[in-house]
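Here is the structure we will look at.
The values are calculated or read from the model by the stated rules, or taken from the named source; none is laboratory data. From a predicted model like this one, the values you see are computed outputs, not experimental measurements. Here the Cβ is made from the backbone with ideal geometry for all residues, glycine too, and neighbour counts use every protein chain on show. Ligands, DNA and RNA are stripped out before the accessible areas are found, and what is left, the full protein with its side chains, is counted by its heavy atoms. Shrake-Rupley method; radii C 1.70, N 1.55, O 1.52, S 1.80 Å.
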Amino acid sequence: MSLLVVGLSHRSAPVSVLERAALNADEQVKLLQDTVAAEPATEAAVLATCNRIELYADVDKFHAGVAELSTLLAQHSGVGLEELTPYLYVHYEDRAVHHLFSVACGLDSMVVGEGQILGQIKDSLARAQELHSAGRLLNDLFQQALRVGKRAHSETGIDRAGQSLVTFGLEQLARGGDVQQWARGKKALVIGAGSMSSLAAATLARAGVAEIVVANRTFDRAERLAQILMDGDDTDVLARAVPMESVPAELTRADVTVSCTGATGLVLTAESVAGAIEGRTPVPAAGSGEDGPGAPGGASGPAAGAQRGGASGTGLGSEDGCPLDLSAVQGTAGFSVLGEAAVAGMAAADLEQHAAWVDNGTAGGDRRAAGGTARPGQTGTLDPAADTDAIAALAATVATVGRIPERRRPEPVEEPQRPEPVLFLLDLAMPRDIDAAVHRLTGVRLVDIESLAEASAGAPMAADVDQVRRIVSDEVAAFGAALRAAHITPTVVALRTMAADVVAGEIARLDGRLPGLDDKHRAEITQTVRRVVDKLLHAPTVRVKQLAAEPGGAGYADALRTLFDLDPETVAAVSRAEDSTTEKDRGPA
């Protein structure tokens, strides 16, 4: 049997795909049950976090295992196999062990070095144990992964390389500033009472928020988390619990909201967030005065002139019959009502109206600069005789597609400085809890898994990461050796059992030939024969264990069975007996 992992994560798939493929607790249980029921797999475990879904299994056939696990992931995630396949990764045997150990150490996390993944691995193992889908291989693998992760955090400074996803998210809300200074005195709303929400609440409490409101579908869990926050020795935060129905009202009071639930739909829509901030005055951005260009109603320059009536410098804004919204476009740098940018994207009927307006506007001579010189605010005058070919080309295009395609990109316009948010939102759920449309609301700053992935893509890695990688490599080699040695152990035990049976049979024959042999001599003879057999078997069995522990040593068990003509069923019975004993002795994850 061999270890196989098939999965997808933030490193292999876009957040939109991860969001659709996310599995809730019930779906994970069903996936485990269906996996162990499938022919290639005898054991299975699911590791599902906010940025990864991985299915681990002990399979007897590689290609059949990959096909079956991929199909099961597609079926249970609801994402078609053809769409899902380009984002899947596959690891086998030692590479699968290396992957899980790297995950446990935080090397594969969105925020490198975060320790939260250890709790998620522990939960994954506990779920597999509860469903009896984890046998000897996956129990040993996940237990060892937990030990490797703890070793990496205790022996290196990997904690300095990263932080929890919660802390990283809060830093993004604070735009890289000091989180404690940003959070001090704020009112926080935490939606959800699971491990991630609890961590968010504790982090906010330590950061110095004045109040934390916890909302959860199970009110008792919200109350328990609020009480834990109140009883904490390192904070003096005021905490209370509310039912989920109170979220809209609490949102109007909150300065910062963290949401991480297992809901399949949106918890906060764009409309509900917009309603929550209605009437709340955004703080002007630093460095902008109330009457400055960034302030509402504080427009200046050419655009301001257009808003006050007429196009600045053109004299054309007051003319009837112009199809352009002059007040909206004439402040744009490089714009001319007679130029190419003015007609880009214009429908055929509007183009005809615009041409008539230009002809009327330029015929009187007061808008045409003498000698063809452009007046202030214009880039030049239209000369039909000189531009016959261009006009003919435009007319042909209109006849074909009904519109004038945009010939060039509009001139860049400097966006006004946005005011400081009045509401900060952190969405750590997968699939998302908060509508992505909230990004467009003025006065709101939303950080979600997608924006966190983008922000972490270029984050520098600490020097301690190299040390952790060496630990992972050493632990993978040790685990592989132990696994291969354990693979041959049932064969060695079966061999020694067969030898003991041979000794017992020969002693029985001796009793038949020498019926008068006293007990003292019989015991001495029996002990001598056993010592001879043990000495003959000692060197070969020790050596075969050493060889089997090396890479490529899996064939030694088969060689031993062939050389001594061992019954495969006897070996399998020994293996089952060992697994049964190990299962009884194994504690909870």
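Of note:
- Cross-link reach is defined here as a Cα-Cα straight distance under 27 Å, omitting same-chain residues fewer than 8 places apart; for residue 122 the lysines meeting it are 30, 150, 584.
- Largest accessible area first, the residues 178, 26 order themselves as 26, 178 under a 1.4 Å probe with ligands, DNA and RNA left out.
- Mean Cβ count within 10 Å, highest first, over the residues of peptides 555-561, 500-506: 555-561, 500-506
- Two-decimal log10 I(q)/I(0) for region 465-575, as the Debye equation yields it once each C-alpha is a single scatterer, q = 0.15, 0.23 Å⁻¹: -0.75, -1.17
- Here the accessible area of region 81-173 is 46 percent carbon and sulfur, with a 1.4 angstrom probe and all protein chains present.
- Residue-level accessible surface for residue 130, protein heavy atoms, 1.4 Å, Å²: 140
- With every protein chain in place and a 1.4 angstrom probe, the accessible-area ranking of 507, 212, largest first, reads 507, 212.
- Summing charges over neighbours of residue 449, with a neighbour being any other residue whose Cβ is under 12 Å away from its Cβ, gives -4 when K and R count +1 and D and E count -1.
- With kT/(6 pi eta Rh) evaluated at 25 °C and eta = 0.890 mPa s, and Rh the Kirkwood radius from Cα pairs, region 169-217 diffuses with a coefficient of 225 µm²/s according to Stokes-Einstein.
- Directionally averaged projected area (region 91-177, Cα convex hull): 6.5 nm².
- Ranked packing of 246-253, 73-80, most packed first, by mean Cβ within 10 Å: 73-80, 246-253
- Residue-level accessible surface for residue 53, protein heavy atoms, 1.4 Å, Å²: 10
- Where region 95-251 is the region considered: accessible area per residue in Å², 1.4 Å probe: 42
- Local net charge near residue 185, Cβ-Cβ under 11 Å (Lys/Arg +1, Asp/Glu -1): +1
- Region 90-143-region 438-516 distance, computed between alpha-carbon centres (Å): 10
- Anisotropy class of region 1-158 from Cα gyration tensor, a/c 1.5 cut: oblate
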